[in-house]
Amino acid sequence: MNRFEISSEAIDLEQFRASLVDETCGAFVTFEGWVRNHNDGRAVLRLAYEVYEPLAVKEGLAILEEAMKKFEITQVHAVHRQGELAMSEPAVVVGVASAHRDAAFKACRYVIDEVKARLPIWKKEYYADGDTEWVNCQHSVHAVKDNSTATKQTGNKQT
Amino acid sequence: MKLQIHWFAAFREATGHSKESVGSEAATVSELFEEMKTRHPALASARGAKVAINDELADWNSTLKDGDKILFFPPVAGG
């Protein structure tokens, strides 16, 4: 089973974990992406995520379906936040349950990498010096449907 | 033909619009984006954009038809 959600509310991690419990599974791997207090040498005070939800949900579900096909896993869920987030809050959570650990680790890595590269989600950082900036994901340059005439990026940031 | 263009994140701030109706005879999405760079000079430095037509991710060579909803996405940064 797979489920993908965009949430405007704080992610309930206990509930998220409980939704993945499965007696046929011996392994459970999660990834949480947290709001970090610095990026590219600048002090970050807070973040806001803008999401185009209709396409984000469609593409998110497609990624989870790909993970189910590629790896021997039983359950995979992911939730991504939108709106303003406080320091250290989870911005994204991926959870994978499977019979054995190897597939769960690999699938979890696959899902978070694809989510960061493909979903129509944008992150705005608010810095301590009063400046703000939309952050460019380093993976966007090789995403499948980039504008092939305009994909060379400079100064991309590790996100 | 008449098109509805939606701008997101950095593109919304560069154009000053979240959406706008435009008349265009652009043959492809790529041509339309070039037209928009003329209309909104702040888009000139746009790199790594993606496009969706009527909520489906699309190729830059896709053709347009009257009434299409065109979504221009700046480089994404989820997670």
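Any read-out appearing in this document is the output of simple, stated calculations on the displayed coordinates, not a laboratory observation. The structure displayed is predicted, hence computed values, not measured ones. All Cβ positions, glycine included, derive from the backbone under ideal geometry; neighbour counts span all protein chains shown.
Stretch B:Lys19-B:Gln4 to full length: gain in nm at 0.36 nm per residue minus the Cα-Cα span? Don't skip to the end; give the middle numbers.
Working: separation 15, 0.36 × 15 = 5.40 nm, distance 0.69 nm.
Result for the pair: 4.7 nm of gain on full extension.
Give me the one-decimal nm value for the distance between modelled label points at B:Glu34 and B:Asp55, 7 Å along each residue's Cα-to-Cβ direction.
3.2
Could you put B:His40, A:His77 in order, starting from the residue whose Cβ has the fewest other Cβ atoms within 10 Å? The partial results should precede the final answer.
Values: B:His40 17, A:His77 21.
Ordered by Cβ neighbours within 10 Å, fewest first: B:His40, A:His77.
Among A:Val96, A:Val57, which comes first, second and so on when ranked by fewest other beta-carbon atoms within 10 Å? Could the numbers behind the result be given before it?
Details: A:Val96 32, A:Val57 16.
Ranked by crowding around the Cβ, least crowded first: A:Val57, A:Val96.
Given a Förster distance of 30 angstrom, what is the FRET efficiency for A:His38 paired with B:Ala42, based on the Cβ-Cβ distance and rounded to 0.05?
On the way: r = 28 Å, r/R0 = 0.94.
The pair A:His38/B:Ala42 has a calculated efficiency of 0.60.
Which shape class, rounded, prolate or oblate, goes with the stretch B:2-73 when its Cα gyration tensor gives a ≥ b ≥ c as root eigenvalues, a/c under 1.5 marks rounded, and past that a/b bigger than b/c marks prolate? Intermediate results must be reported in sequence, preceding the final value.
Details: a/c = 1.39, a/b = 1.34, b/c = 1.04.
Rounded, since a/c falls under 1.5.
Pick from A:Thr30, A:Thr132, A:Thr74: which residue has the top mean-square fluctuation in a GNM of chain A where Cα pairs under 10 Å get a spring?
Highest fluctuation among the options: A:Thr132.
Measure out, as a whole number of angstrom, how far apart the alpha-carbon centroids of the stretch B:27-79 and the stretch A:1-76 sit.
27
What does the structure give for A:112-124 when I average, per residue, the other chain Cβ atoms found within 10 Å of the residue Cβ?
Mean shielding count: 5.
What is the average number of partner chain Cβ atoms found within 10 Å of a Cβ in A:55-68? Let's see the in-between values first.
Numbers: counts 7, 2, 0, 4, 3, 1, 0, 1, 0, 0, 0, 0, 0, 0.
So the per-residue partner count for this stretch is 1.
So for chain A, averaging the separation of alpha carbon pairs under 8 Å that are six or more residues apart and normalising by length, what relative contact order in percent results?
Contact order relative to length: 31 percent.
Assuming R0 = 35 Å, can you tell me the calculated FRET efficiency for the pair A:Ala18 and A:Arg109, based on Cβ-Cβ distance, to the nearest 0.05? The partial results should precede the final answer.
Values: r = 23 Å, r/R0 = 0.66.
Using R0 = 35 Å, I get an efficiency of 0.95.
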